[in-house]
Structures are given as C-alpha cells and as structure tokens.
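Okay, structure first, notes after.
The values are calculated or read from the model by the stated rules, or taken from the named source; none is laboratory data. What you are looking at is a predicted structure, and each value in this text was computed from that prediction instead of being measured. Methodologically, a virtual Cβ is constructed for each residue, glycine included, from the backbone with ideal geometry; neighbour enumeration extends over all protein chains shown. Just so you know, the surface numbers come from the protein's heavy atoms only, side chains and all, with ligands and any DNA or RNA stripped out. Shrake-Rupley method; radii C 1.70, N 1.55, O 1.52, S 1.80 Å.
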Amino acid sequence: MAKEKTSKNTSNYTAKDIYVLEGLEPVRKRPGMYIGSTGIDGLHHLLWEVVDNSLDEAMAGYATDIAVTLMDDGRLNVTDNGRGIPVEKHAQTKKSALETVMTTLHAGGKFGGESYKIAGGLHGVGVSVVNALSVFLRVEVCRDGGLYAQEYKYGKAKETVKRIGKCPPGVVSGTSVTFEPDRAIFKEGDYEWKRILEHLRQQAYLTRGVRIRISDERKTVRFGGIEGEETGIKENITQSYQFYFEGGIASFVEYLNRGEAPKHDHIFYVQKEKDNVMVEVAMQYTDDIEATEVGFANNIHTPEGGMHVTGFRTALTRTLNDYSHKNNLAKDDVLTGDDVREGMTAIISVKLREPQFEGQTKAKLGNTEARTAVDAVVSEALAYFLEENPSDARAILEKCFLAAKARKAAKAARELVIRKGALEGLTLPGKLADCSSKDPSLSELYIVEGDSAGGSAKMGRDRRFQAILPLRGKILNVERARVDKILASEQIKNLVIAMSAAIGDELNLEKLRYHRIIIMTDADVDGAHIRTLLLTLFFRYYPQIIERGYLYIAQPPLFKIQLGKNVRYAYTDEQREIATAEMIKQKEDLRQAQGKKGKGKTLRQAQGREAEEVEEEPAPEAEEGALRQAQGEQEELQAGEQKISGVSIQRYKGLGEMNPEQLWETTMNPANRNMFQVSSEDAKESDRIFDILMGAEVAPRKRFIQTHAKKVQNLDI
C-alpha cells in the first residue's frame, strides 16, 4: 500500500481518539452490560444486587435479619445485621475498604480467603454498579461500636468515610445502604411491590432461618399484594410483610403446590455436603401433569437449569427405575425422564465456592462438580427415602407408570394422525378457508367462534394473507387431558392440522403455517370461556408459540354509535361515552343551525343607514336529511340498541351481528384493528392461574372469583 494513502487514512485517527474510562464510568456508559437492561428489569436488578450482599452475609452465618424499605422520596434502603463492610484503609487502593468496595469494579471479599465461602455476587460488580447508576447513595456501617458513613453521587464519593457516632442501641454490627436510581437512565416504570415480595419470599425460603422484612412507605403507588389480595391504588398506607421459614425449601415446595392434591404424605428432603458442594433438594408429587423444577446456585435462580438440575434428573430416573425393578413393581418397563418428572415439584439448590455462570445474568450453572455432587447425594438419600416410606414409594411409582402409559397412548395417537398425512398439510380441514400466501411470516389464522361469525369473517377477510377456521362450540378443556384424548377431539384436531406444526414431542415450529394466530370470540361470557379454553391449549401444548409472540387475541368493538350517517365504534365503555357526548354536541350544533334557518330573514344595520332585509340562504338538503336522521325521524331502533338524545347505540353481543364489511373494518383490517399479543413473562404464576381457572378443584376458583369480582366490567348475565 502506498505511503501517501496510508497517511491519508490514519491522519484523523490518533492517540487522542483512544478513551480510557476510569472507575465506574464504563457502567454509566454501557449500563446494560452490567444489569441486563435499563428497563423495569434493570431497575429491580439494582435492588437485587444490594439485597444479595446482605443474603451473602446470611449464607455465611453472620446475618439473621434483613430489612428492605421503599421510601416515599424515591429512594430504597436495605439494612442487615451482618458484620458490616470494613472501613479501615485498604493496602492496595490507599482508600477506605468501604470506599474501595463501593467505587471499584471487581472489588470485594468474594474472590478468595475465608470471608465468603459461599456467595451470589461473585463478579464483585454488584453494589458498585448500583452506586454508579444512582444519583444518590449513602452507606452506613456499624463495626466495633462505631457508626461510619459515606455518601456518593453517580458513583463518586462526596467525602471520605467518617465516624458519625456510636452504633444504635441494640445494634452490634451491620450495613445499611440507601440509594436513589438515576431516572435519566431508568426512564420508565417504578418498583413493583408484588415482584419484590415474590423475589424476597423466594430468598427467605432458600436461606432458612433468616428473617426478611419489607415495607412500602410510598404514599401513592400502584400495588399488587400477595396471593388473595387485590391490586389497585394505595394512598398514604404503609404496606409491610416479613418472611421467615424454618422449613426452608421443603416449605417452598409446599407453597408451590398450594391448591394441588399431593400424591404422597412426606416431602422428600435432603441436605448434605459432597466434594465441597452443599446440596439441598426437596421434592413432592401432585396429581398435576406438569413438572416444576426450580434450580438455584448460591441462592441465584438459574431459569435455564444447568449441571445441578442435570445431576438431579439423572439420579431421579435411575433410582426410581432401580427401586421399581428391585421390588417387582414393573415387568420390563423402563421409566423415562419425562415419566418420572410428570406432576413433580422439585427445588434443587446448591451452594459452592466458585460457581461458573453463563454471563452476568447467571441463567445457567456450568460447574461439572455440581452435577456429580447432586447425583450422588440424591441417589443415596432418595433410595433411603423410598425404603423407609413404602406407601409413598408406591404412590410415586404409580404416578410414574400412569405417565408412561399415557406417553405410549399419546405416541400412538400422534403417529395415527401423522400416518394419515394430515399434519404434513396433505389434507387440511374442510372448514378451513385458507389464504393464498404460503409465507408464514405474512399469513394469519383467525380462530373464530361459530359458523355464523366464521361466514362473516370469510366474506370480509383479505384472502391473500388471512385464513379462517370456525370452531363449533366449546373445545375440550385440556388442563388435565393428555395428548391422546386431545387428538380425539375433532375441533382441536382440526386446529392442530391447520397449523401443521404437530403437537407434543413432534412439535416443529419450522412447519407452522401462520406466524399470527388470532383468537376471535364474542364479547360475552361464552366467548370469554372459549377464549380461555383456547389459551389453555396454547399455554399447555404450544408454549413456544406464545414465547415467539405468534399468538394474539382480537378485540372486536363492543358498541356501534350512530348519528345519521356518522358511525363510530367503541371498544370500551369510556370510548362509548366520549363518542356519544361528541355526537350529541354535533346534533345540538345542527339544531342551532336549523333554528337560524327557520327565521328566514335577518336584520343588518351599518353606519347609521336604514335597516334592509337580507334573505338567508337555505341549508343544504343533505344537512336537513342528516338532522332528521339525528332526531330519529327516519330510522327505527334495532334489537340491543338504545337512544340518547337521538344518538343510537348498539351493543354487540356477538361477531355474527356484524356484516362482513363491519367485521373487516373494525376487527380484521390491519390498519384499524386492535389486538392483544399474548405473552407469559411469569410462567409459574401463569401456570398457577390456569390451574385455578381450569383445574378440577372448585374451592380455589371460588376464592379467585370472590377476590376479583369487583374488577369485572361488561358482565352479561
């Protein structure tokens, strides 16, 4: 390359263009790298980081009480009675150890030594990141009888650490952190009371013997309480809870299984250290057909599992098969992993010195020693549990054999459908009005309630990309049904065939024919029930469709408001009231215009001249016709309509009441329609709600209805 060209290309790129971000500047520059996002999740992550430090003290055996307070000035406080962060000068940084911890990335007591054998915040970036992303942070430390404090702004110390007095009466040691998130970074959302409660409840279960107190002192805030409480607006009311569970994760299993019928009396529980890994596992089977496995490493939830969960699964499958064959409970049948996990609720918690997580979000544990330790501990303890509790063992194995039998029946049912070629798209259901597009990303499938609404939808749709599948009546409730029974239902089978992605183990979303699947039902009680049944089907057997954002709920209008030729649609009571008021005003304006026309003549006087009569032009005939229509002189009310000051209001009871043009204009036209995208951010909570609404137990459903009855709008009786 020629020298001239090289010089030309590099002249504008020199050493001054190399930026060195010092201290906590990288955090403020790229906060998402440290806390995942600057949205509502990242906002809560700040609190988790501070609480984790207190929990680390508890896991190390030094703290028994943790208090979390949401203050009315937008600040949060976390206080514990642990050892307190050291305040003496640090040999390496020449600053107080407290300031070093609060202002330096990768600084802390969790990288070596004996201070923390077990800890969650192993990257050493937790509290310093919170400091960097806060407009205000104050830390107070009680050690050796003295109370020390330091304040920070944007992660920078405002002054040196100072002793401000003695420890409060009754306090031997501890740390208190008060911080205010930088709203220039966290621009949306606020701390959610229910999310904080659930997270800290979980931590209290995992740290047996620690007491966690939570208080919300915010004066006006939207809140959601624990189970059984309403959500809404609280004003000038301090909410407070405390969690303390002596039973640890065994109590956690009981909590997760609330509302379910257990298959055996005793909860399996083991806690034992193996190869420097502390293993703690609790498990119980219920009559559910779903499995719940929740893994933790050093109290950090690992939603994607990891080696500890793998070790548990291996031990569970092997031990149950060994017990079954040893006691002649099965001839030659071998239980699979899916068989032994059906209906099981298990908590797998490990505590180890140097956990290896995948990324800062810590979604999956990678330590191979965790797998071998959990495998060994669970294998030994579960074998002993089965021998000591033969009635429990028999109940567990009966549940597993029933699952195996259902698995074989489901496989036969799926293979039967596949052999006929239906799921390969060779024979689509007769009632399906397919679209011409073959591109799934452009294609939509409307699942419509009833043949009448299906007929209107077929006539009003855009055939290029919109397919219509009418369903007759209510589909099967799949909450407690297995795949073989589901595929015996003609309505569900038609839907499965139309989507062409199979179901169960053969599910393949690459073959899904539509990337927008839209549930469109009537705006009444039956329509809501059908919609819930369909949502149950998708949640239980097509969760990947929900995860990818392919499932939607159409929102047809509830009201048609008409004044003359002016027609508007309303989707809520509020929209109806606004539209009605605007049309009444329009009618009054027309009436005033008509009144002026009736005078025929007006007087005009200018600059002292005599008055002369001026003829006013008559109103256009179209205006007269509109006015007569507004006054109700040219139209009769249809069924379900009412009139308010000449404005007709029709309440739609079903989609079949709309003609094809109206259905297209209001509900199917991409330019005008309103749709809700179905999502499931909290899968476990969604699972519990589906159990309540669609399960066999009546009492939980009754309590749910009584709790939330006041929120129901547009109830048709």
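Remarks
- Some residue of the stretch 309-317 being more than 27 Å from VAL334 (Cβ to Cβ), surrounded by 18 or more Cβ atoms within 10 Å (Cβ to Cβ) and out of contact with any Phe, Trp or Tyr (no Cβ under 8 Å at 6 or more places or on another chain): no
- All of (1) farther than 30 Å from LEU534 by Cβ; (2) open to solvent by 40 Å² or more (accessible area, probe 1.4 Å); (3) hydroxyl-bearing (Ser, Thr, Tyr) hold for THR572 with one exception: (1).
- Where strands (runs of 3 or more DSSP E) sit wholly within the stretch 140-214, those with at least 2 residues that are among the basic types (Lys, Arg) occupy 162-166.
- Qualifying residue in the stretch 528-545 (condition: among the small types (Gly, Ala, Ser), under 30 Å from GLN575 (Cβ atoms) and outside any helix (DSSP H, G or I)): no
- In the stretch 157-173, of all residues being under 23 Å from LEU47 (Cβ atoms), touching a residue at least 40 places away in the same chain (Cβ under 8 Å) and out of contact with any helix residue (DSSP H, G or I) (no Cβ under 7 Å at 6 or more places or on another chain), the one that is most open to solvent (accessible area, probe 1.4 Å) corresponds to VAL171.
- Total residues in the stretch 505-527 satisfying the condition of being assigned to a helix (DSSP H, G or I) and closer than 16 Å to LEU469 by Cα: the figure is 1.
- In summary, ASP484 fulfils each of the numbered conditions (1) part of a helix (DSSP H, G or I); (2) surrounded by fewer than 16 Cβ atoms within 10 Å (Cβ to Cβ) with the single exception of condition (2).
- Some residue of the stretch 348-361 being under 29 Å from LEU402 (Cα atoms) and either among the basic types (Lys, Arg) or surrounded by 20 or more Cβ atoms within 10 Å (Cβ to Cβ) (or both): yes
- The stretch 290-309 residues that are over 26 Å from CYS400 (Cβ atoms), paired with ones that are polar (S, T, N, Q) and modelled with pLDDT of 90 or more (beta carbon under 9 Å, 6 or more apart): ALA297/SER349; ALA297/ASN367; ASN298/SER349; ASN299/GLN202; ASN299/GLN203; ASN299/THR207; ASN299/SER349; HIS301/GLN202
- Within the stretch 539-568, restricting attention to residues that are open to solvent by 20 Å² or more (accessible area, probe 1.4 Å), modelled with pLDDT under 90 and of a type in the set (Phe, Trp, Tyr), the residue that is farthest from LEU590 (Cα to Cα) is TYR541.
- If the condition is being within 26 Å of the chain's Cα centre (by Cα) and touching a residue at least 40 places away in the same chain (Cβ under 8 Å), then the stretch 546-571 contributes ILE546, GLU547, GLY549, LEU551, TYR552, ILE553, ALA554, GLN555, PRO556, TYR571.
- Members of the stretch 50-73 that are assigned to a loop (DSSP other than H, G, I, E, B) and open to solvent by 40 Å² or more (accessible area, probe 1.4 Å): GLY61, TYR62, THR64, MET71, ASP72, ASP73
- Within the option set VAL135, VAL127, VAL101, being modelled with pLDDT under 90, open to solvent by 20 Å² or more (accessible area, probe 1.4 Å) and not in a loop (DSSP other than H, G, I, E, B) holds for one residue only, VAL101.
- Each residue in the stretch 518-538 was checked for being under 20 Å from the mean Cα position of the chain (by Cα) and open to solvent by 30 Å² or more (accessible area, probe 1.4 Å), and 3 pass.
- Only a single criterion out of (1) among the charged types (D, E, K, R); (2) under 18 Å from the mean Cα position of the chain (by Cα); (3) open to solvent by 70 Å² or more (accessible area, probe 1.4 Å) is not satisfied by ARG183, namely (2).
- Positions within the stretch 215-238 being outside any loop (DSSP other than H, G, I, E, B), open to solvent by less than 30 Å² (accessible area, probe 1.4 Å) and either of a type in the set (Val, Ile, Thr) or at pLDDT below 85 (or both), in sequence order: VAL221, GLY224, GLY232, LYS234
- Every condition in (1) of a type in the set (Gly, Ala, Ser); (2) open to solvent by 10 Å² or more (accessible area, probe 1.4 Å); (3) at positive phi is met by GLY248 except one, and the failing one is (2).
- Candidates LEU43, LEU47, LEU21 - the one that is surrounded by 10 or more Cβ atoms within 10 Å (Cβ to Cβ), over 23 Å from ALA157 (Cβ atoms) and either at pLDDT 85 or above or of a type in the set (A, V, I, L, M, F, W, C) (or both): LEU43
- Output for the stretch 325-379, where each listed residue is of a type in the set (Asp, Glu) and touching a residue at least 12 places away in the same chain (Cβ under 8 Å): ASP333, ASP338, ASP339, GLU342, GLU354, GLU358, GLU369, ASP375
- Scan of the stretch 501-517 for residues that are open to solvent by 10 Å² or more (accessible area, probe 1.4 Å) and more than 23 Å from ALA409 (Cβ to Cβ), ordered by number: LEU509, GLU510, LYS511, ARG513, HIS515, ARG516
- GLY112 open to solvent by less than 40 Å² (accessible area, probe 1.4 Å), modelled with pLDDT under 90 and not β-branched (Val, Ile, Thr): no
- Filtered residue count, the stretch 314-334, keeping only those that are in a helix (DSSP H, G or I) and more than 18 Å from GLU293 (Cα to Cα): 6
- Residue that is nearest to the chain's Cα centre (by Cα), among those in the stretch 268-298 that are in a loop (DSSP other than H, G, I, E, B) and within 17 Å of ARG371 (Cα to Cα): ASN298
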